Amino acid sequence: MTRFAHSVSALRSSEIRDLMSLATSPNIISFSGGMPGNELFPLDMIDNVYQSLTEKEKQIAMQYGPTNGLPILLESLSGYLEKKGLPIKKNRLMITTGSLQAINILAKAFVDPGDNILVETPSFIGALSAFRSYEANLISVPLKGNGIDIEQLKLKLETTHPKPKFLYFAPNFHNPAGIIYSEEVKLQMIELLTDKDIPLIEDDVYSDLYFYEEDVPKMKNIKTIDPEGIDVCFTGSFSKILGPGLRLGWMLVPEHIYQKCELIKQSIDACSPSFSQVIADKFIRSGYIYEYTDNVRLEYKKRGLAMIEALEKHLPNYVSFEKPRGGFYIWLHLPQGTDSTLILKKAIEKGVVFVTGKTFDPDGVKNDYMRVSFCNTDVDVINKGIPIVADAIREVCG
């Protein structure tokens with residue numbers, strides 16, 4: 001019999017990935033994937049970027065690059081992030097093959113088999129899978145409407161032994177919960193973690209996709225606050241602000257953590273795609289990144305508000321949700337004990353797919369939630385699909 005590693009034996013296929021084959025069917029309305037709509041990609045801008053490349057730049061694009069990223073992109077991305085208030089000069093920036101690779105590298109840097117780590121519940125399935133692949137013991141802390149439950153976090157910090165290797169969280173337009181962490185919660189997190197030797201992994205890939213300008217000040221990252229006594233590892237991505245097919249993300253981390261992470265990345269893929277990096281660099285330097293995000297967030301706002309309106313109109317009153325103010329997702333709270341897998345089966349029979357709650361539960365158990373995404377379906381399709389979801393809920397819950 002083939003003998004696999006313990007770390008591989010513990011892995012399970014993501015329910016989201018399994019649903020992707022359904023999502024591509026022309027007869028299925030998909031509220032499952034967290035991906036931009038194909039029709040929203042900045043194709044004309046990318047054409048202009050490529051046409052502007054010199055022969056030397058095209059040669060660079062076709063060649064291997066440094067492990068930490070092409071110097072041109074490190075420079076332009078540093079300027080972009082510095083405008084957001086991130087402490088570039090006090091940290092090191094590394095280009096990664098998507099933000100999930102950044103999370104994987106950080107997990108590999110910190111986790112030995114059996115180590116405790118703190119995660120939100122619900123939490124991003126990609127991060128949970130990465131942590132499981134290194135045989136981490138996931139200690140879940142519930143989310144509230146304004147961020148992680150501080151009392152529960154305090155309790156877990158006091159009772160978890162050995163102490164956790166790190167805390168992973170997503171502060172803005174959380175996947176799947178859709179919430180924004182309040183400033184109060186972030187300051188309380190800082191107070192709890194200062195001088196505890198427990199790094200923070202702050203995963204922030206949606207913050208450019210806000211619906212309301214007035215929300216921007218309260219979306220300030222803990223990395224931007226730059227607290228003393230905490231190692232904050234910040235991860236981000238071009239997937240939502242340019243295109244996931246480029247497979248580009250980044251991490252911004254303290255020097256002593258960066259040194260380990262660079263060695264780890266070297267052993268994984270040597271370097272991220274130079275071609276994508278050249279395109280991304282020009283996309284930033286040309287100013288297209290600001291023009292595109294300004295335009296695309298208006299479309300996501302239109303779709304998000306349409307889904308909120310449709311849910312309020314069609315859902316039974318025993319289903320509740322936080323109204324998202326940006327990002328891609330709405331997290332539906334079903335009656336306690338509901339099995340959302342039964343609802344999913346009914347919905348698929350009727351031509352709609354979404355993602356069940358246990359997918360995002362670190363313990364893989366709690367299933368009385370469901371995630372619907374509005375990012376890659378237009379308003380007409382949303383208005384057609386949400387009544388079907390509501391009917392499936394009623395069939396199961398009454």
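The values are calculated or read from the model by the stated rules, or taken from the named source; none is laboratory data. Just so it is clear, the structure is predicted and the values come from calculations on it, not from any experiment. Note that we place each Cβ from the backbone using ideal geometry, even for glycine, and neighbour counts take in every protein chain shown. Surface accessibility is based on the protein's heavy atoms, side chains included, excluding ligands, DNA and RNA. Shrake-Rupley method; radii C 1.70, N 1.55, O 1.52, S 1.80 Å.
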Taking a spot 7 Å from the Cα of D294 along the direction of its beta carbon, which residues of the stretch 203-225 have an amide N less than 18 Å from it?
208-216
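Quick check: residue separation of I225 and K154 times 0.36 nm, minus the Cα distance between them. What number comes out in nm?
Values: separation 71, 0.36 × 71 = 25.56 nm, distance 2.08 nm.
Difference between extended and current length: 23.5 nm.
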Would you kindly derive the ³J(HN,Hα) couplings of the stretch 384-398 from the backbone phi angles with the Karplus curve 6.51 cos²θ - 1.76 cosθ + 1.60 (θ = phi - 60°), listing them in order in whole Hz, with x for Gly and Pro?
7, x, 5, x, 5, 4, 4, 5, 5, 4, 5, 4, 8, 9, x
Calculated from backbone phi, Karplus (6.51, -1.76, 1.60) coupling profile of the stretch 271-276 in Hz, x at Gly/Pro:
6, 7, x, 5, 4, 4
Among the lysines, which fall within straight-line cross-link reach of K144, defined as a Cα-Cα distance under 20 Å, with same-chain neighbours fewer than 8 residues apart omitted?
K154, K156, K186, K218, K220, K323, K358, K366
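For the stretch 163-304, count all C-alpha to C-alpha pairs, find those more than 25 Å apart, and express that count as a whole percent of the total.
Numbers: 3680 of 10011 pairs.
Here the tail beyond 25 Å accounts for 37 percent of pairs.
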Looking at A102, Q63, G79, which one has the Cα that reaches farthest to the positive end of the dipole of the stretch 42-110 (charges on Cβ: Lys, Arg +1; Asp, Glu -1)?
A102
Taking a ≥ b ≥ c as the square roots of the Cα gyration tensor eigenvalues, with a/c under 1.5 meaning rounded and otherwise prolate when a/b beats b/c, else oblate, which class fits the stretch 289-394?
prolate
Of every hundred units of 1.4 Å-probe accessible area on the stretch 228-319, the number belonging to carbon and sulfur atoms, as a percent, is 52
Which whole-Hz ³J(HN,Hα) couplings does the stretch 242-248 yield from phi under the Karplus relation 6.51 cos²θ - 1.76 cosθ + 1.60, θ = phi - 60°, glycine and proline marked x?
8, x, x, x, 6, 6, 10
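Contour minus end-to-end for E395 and E184, with contour as 0.36 nm per residue of separation and end-to-end as the Cα-Cα distance? Walk me through the numbers on the way to the answer.
Details: separation 211, 0.36 × 211 = 75.96 nm, distance 4.05 nm.
Result: 71.9 nm gained on full extension.
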Can you compute the charge dipole magnitude of the stretch 218-281 about its Cα centre, using +1 on each Lys and Arg Cβ and -1 on each Asp and Glu Cβ, nothing else charged? Give it in debye, rounded to the nearest 20.
320
Classify the stretch 167-206 from the C-alpha gyration tensor, please: rounded if a/c falls under 1.5, else prolate or oblate depending on whether a/b exceeds b/c.
oblate
The stretch 239-274 versus the stretch 320-398: alpha-carbon centroid distance in Å:
33
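Could you tell me which of rounded, prolate or oblate describes the stretch 81-211, using a ≥ b ≥ c as the square roots of the eigenvalues of the alpha-carbon gyration tensor, with rounded for a/c under 1.5 and, failing that, prolate when a/b is larger than b/c and oblate otherwise? Intermediate results must be reported in sequence, preceding the final value.
Details: a/c = 1.38, a/b = 1.12, b/c = 1.23.
Rounded, since a/c falls under 1.5.
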Charge dipole (debye, nearest 20) of the chain; +1 at Cβ of Lys and Arg, -1 at Cβ of Asp and Glu:
520
In the chain, what % of DSSP beta bridges are antiparallel (nearest 5)?
55
Between L263 and S52, what FRET efficiency comes out of the Förster formula 1/(1 + (r/R0)^6) with R0 = 45 Å and r the beta carbon distance, rounded to 0.05?
0.80
Each label point is 7 Å from the Cα along the Cα-to-Cβ direction; what then is the distance between the points at N317 and E349, in nm?
2.8
The chain - mean residue ellipticity at 222 nm from DSSP helices (-39,500 (n - 2.57) per run, n ≥ 4, rounded to 500):
-13000 deg cm²/dmol
Pick out which of P113, P164, P36 has the largest mean-square fluctuation in a Gaussian network model of the chain, springs linking Cα atoms closer than 10 Å.
P113
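Counting Lys +1, Arg +1, Asp -1, Glu -1, what net charge surrounds D380 among other residues with beta carbon under 12 Å of its beta carbon? Don't skip to the end; give the middle numbers.
Details: positive: K302, R303, K384; negative: D378.
Net local charge, D380 excluded: +2.
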If exposed chymotrypsin sites (Phe, Trp or Tyr not before Pro) are those in a DSSP loop with at most 15 other Cβ within 10 Å, what is the longest stretch of the chain that has none?
65-211
